[in-house]
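Input: a single structure, listed below in structure tokens.
Coordinate-derived values only; no laboratory data. Nothing here was measured: the structure is a model prediction, and the numbers come from that model. Neighbour counts are summed over all protein chains in view; Cβ atoms, including those assigned to glycine, are modelled from backbone coordinates with ideal geometry.
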Amino acid sequence: MSGYAGLLAALVLAPLLPGVINRTKSFFAGRRGPPLLQPYFDLAKLLRKGAVYSTTTTWLFRAGPVVGLAAMLVAAALAPFGGVSAPLAFAGDFLFFAGLLGVARFATMLAALDTGSSFEGMGASREAQFAALAEPAFLLGLTAVAWKTGGLSLSGMLGTTSFATWSGAAAPLALVCVSLLVVFLAENARIPVDDPNTHLELTMIHEVMVLDHGGPDLALIQYAAALKLWVLGSLVVGIALPVRSLAHGWAFAASVAGMLALCVVVGVVESCLARLRLTRVPQLLLGAGVLSLLALFIGLK
Amino acid sequence: MNSWIDADLVLITLTSLVLLGASRLGTTIRMVALQGVLLSPLPLLLAGDAGITLRAAGLAVATVLIKGIGFPWLMDRAVRGGSLRRELDPRLGYNASLLAGVLLLAVAFLLSSRLPLPPGEGTPLVLPAALFNILAGMFVIASRRQAITQVLGYLVLENGIYVFGVGIASHQPLLVELGILLDVFAAVFVMGIVIFHMGRELDHIDTGRMTLLNDWEKE
């Protein structure tokens, strides 16, 4: 039953996360910043608008946001939260999870290519390249965690990290945490991989792919992006916080606090770092993969 | 206690990996310095139940002084002479070097699973970390063109041997270890001077271009 509380929290609280990141960045820049609930207002505004479709686009363009959101909703049902199992859990579901991320990305890329815009094609190409490098890091990291905890589903791996797991295998778990944090930043198109605030189409990666979407479609995309932030963040927090040792209510509260803290960390990273040169990004993701692999080797030892 | 040793060994391994993928000379020198500092607590941590002896403490202090401060300073001074700030076109690219490092890591872990530790000595990670540093050092020596990075590779190699020595033979006398440190110091000192003069005389320290040893201009 309480597994559904985690899913509900994801659905309700996800748009809060970009708000927290933006407030952190504003604080560092010395601005007051938008209200914390601004992403909700944006979603409400966009949903009331109508959509404009170019005559060159086909049904692929309209399917993109819907498929992306659907994949993220299923992924949210797979991710455990607050030390209890997710509503949906089976052996090997972390592969399914990675597949869902891939499906969402594929739908977004098809929609971007469908517009026929050369900028969107460039964005899609970059997205594909970086995702291909981030995926091994993600899967190898989760394999290392699976080996350490003995669980083959996301709920089995992340629900069981307790203080005992950490004291027994601090080094590999810390390595996986760092690696997954890099994957989290790359997948969510944050600095140092992509700049969500950029206004130059040439340097955009994720944002450029959704330039032609508007109204309810854009709302779906933004909500799906917030969900992705929440879902991937909950994996990082699930490994970093040994909440299994706490009582249920406290574990839930600690996890929510962990998510907010993660967003503050993202905001601090974005305030302190510049975006990496495009040619350097593969090296960063490769480094994350190496960390995951090192964790796996240590785990196998 | 064990988890501290493991954390230290993992950090040492990570500095070597960064060294493989780093393009800037300053970064590589700093990584070797960091590695030297990270090596120093090993004799203290591995002393274990016997308690911290004077020997372990002396070794730790000597390690910080020589590997953490002395060598990086020498290398830094050697580079200052020339205008070189960056390792230019290595034989293998940085990403490829990093992938090769992963391969070496796998080899180190595979090899160490075949070599059982003497009972009661070290932790399971000592052997792979030592072997990886030795292999990574050899790889840097073989794959980089600049004399300075080759010396840094030699230092990483020596650090691997140091981990091996401290981890496996923790009872060898202080004199032997200090003797080794002194030998390495002398070697690096000479190499530093050679690089400094090479940089001054030739305007480059690219060993790939030093195939001719003669005093006159090529006709």
Applied in sequence order to the stretch A:198-215, the curve 6.51 cos²θ - 1.76 cosθ + 1.60 (Karplus, θ = phi - 60°) yields integer Hz couplings, x standing for Gly and Pro, of 5, 10, 10, 4, 5, 9, 6, 10, 7, 4, 5, 6, 10, 4, 8, 7, x, x
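Take peptide B:99-110, look around each residue's Cβ out to 10 angstrom, count Cβ atoms belonging to other protein chains, and average those counts.
Numbers: counts 3, 0, 2, 6, 0, 0, 4, 2, 0, 1, 6, 1.
Rounded to a whole number, the mean comes out at 2.
From the square roots a ≥ b ≥ c of the eigenvalues of the alpha-carbon gyration tensor of the stretch B:2-207, which class results: rounded (a/c under 1.5), prolate (a/b over b/c), or oblate?
Values: a/c = 2.40, a/b = 1.45, b/c = 1.65.
It comes out oblate by the Cα gyration axes.
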Counting partner chain Cβ atoms within 10 Å of every residue's Cβ in A:171-180, what's the average? 2
What's the FRET efficiency of A:Val66 with B:Leu182 using the Cβ-Cβ distance as r and R₀ = 60 Å, to the nearest 0.05? 0.25
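What percent do you get for the relative contact order of the stretch A:177-221 when only Cα pairs under 8 Å and 6+ apart count? Don't jump to the answer; show the numbers that get you there.
Values: 21 pairs, mean separation 9.0, N = 45.
The normalised contact order for the stretch A:177-221 reaches 20 percent.
Is the C-alpha gyration tensor of the stretch A:4-104 telling us rounded, prolate or oblate? Criteria: a/c under 1.5 is rounded; beyond that, a/b larger than b/c is prolate, otherwise oblate.
Details: a/c = 2.22, a/b = 1.10, b/c = 2.02.
Taking the square roots of the gyration eigenvalues as a ≥ b ≥ c, the stretch A:4-104 is oblate.
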Percentage relative contact order, the stretch A:2-300, counting C-alpha pairs under 8 Å, at least six apart: 31 percent
Counting other beta carbons within 10 Å of each residue's own, what order do B:Thr27, A:Thr58, B:Thr123 fall into, fewest first? A:Thr58, B:Thr27, B:Thr123
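Could you tell me whether the stretch A:173-221 comes out rounded, prolate or oblate from its Cα gyration tensor? Rule is a ≥ b ≥ c as square roots of the eigenvalues, rounded for a/c under 1.5, then prolate if a/b exceeds b/c, otherwise oblate.
On the way: a/c = 4.39, a/b = 1.93, b/c = 2.27.
It is oblate, given that a/c is not under 1.5 and a/b is not larger than b/c.
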Can you list, largest first and rounded to whole Å, the semi-axes you get for the stretch B:8-64 by taking the square root of 5 times each eigenvalue of its Cα gyration tensor? 27, 12, 4
In a shell of Cβ-Cβ distance under 10 Å around A:Thr165, excluding A:Thr165 itself, what net charge do Lys and Arg (+1) and Asp and Glu (-1) give? +2
Local net charge near A:His199, Cβ-Cβ under 15 Å (Lys/Arg +1, Asp/Glu -1): -3
Neighbour-count order for B:Trp4, A:Trp230, fewest beta carbons within 10 angstrom listed first: B:Trp4, A:Trp230
Magnitude of the charge dipole, the stretch B:2-207, Cβ model with Lys/Arg +1 and Asp/Glu -1, debye to 20: 460 debye
To the nearest whole number, what is the average tally of beta carbon atoms from other chains within 10 Å of the beta carbons of peptide B:2-13? 3
For the stretch A:2-300, place one equal point scatterer on every Cα, skip the solvent, and apply the Debye formula. What is log10 of I(q)/I(0) at q = 0.12, 0.14 Å⁻¹? -0.76, -1.05
Counted charge near A:Gly33, where neighbours are those whose Cβ lies closer than 9 Å (Asp, Glu -1; Lys, Arg +1): +4
By count of other Cβ within 10 Å, fewest leading, how are A:Lys45, A:Lys301 ordered? A:Lys45, A:Lys301
Chymotrypsin sites (Phe, Trp or Tyr not before Pro) lying in DSSP loop within the stretch A:63-162, provided at most 14 other Cβ fall within 10 Å: A:Phe90
Which whole-Hz couplings ³J(HN,Hα) result when phi for each residue of the stretch B:28-40 is put into the Karplus expression 6.51 cos²θ - 1.76 cosθ + 1.60, θ = phi - 60°, listed in order with x for Gly and Pro? 5, 5, 4, 5, 5, 4, 4, 4, x, 5, 5, 6, 5
Stretch A:Thr279-A:Tyr4 to full length: gain in nm at 0.36 nm per residue minus the Cα-Cα span? 94.8 nm
From the convex hull of the Cα coordinates of the protein assembly as shown, what is the mean projected area in square nanometres? 29.8 nm²
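If a helix is a whole DSSP H run, which ones in chain A reach 24 Å or further along their own axis (Cα) and hold a mean Kyte-Doolittle hydropathy of at least -1.0? List each step's numbers first, then the result.
Values: long enough: A:59-78 (28 Å, 1.77); A:93-114 (31 Å, 1.47); A:118-149 (46 Å, 0.47); A:170-187 (25 Å, 2.36); A:216-240 (35 Å, 1.48); A:248-272 (36 Å, 1.64); A:281-300 (29 Å, 2.13).
Membrane-span-like by this criterion, though nothing is claimed about a membrane: A:59-78, A:93-114, A:118-149, A:170-187, A:216-240, A:248-272, A:281-300.
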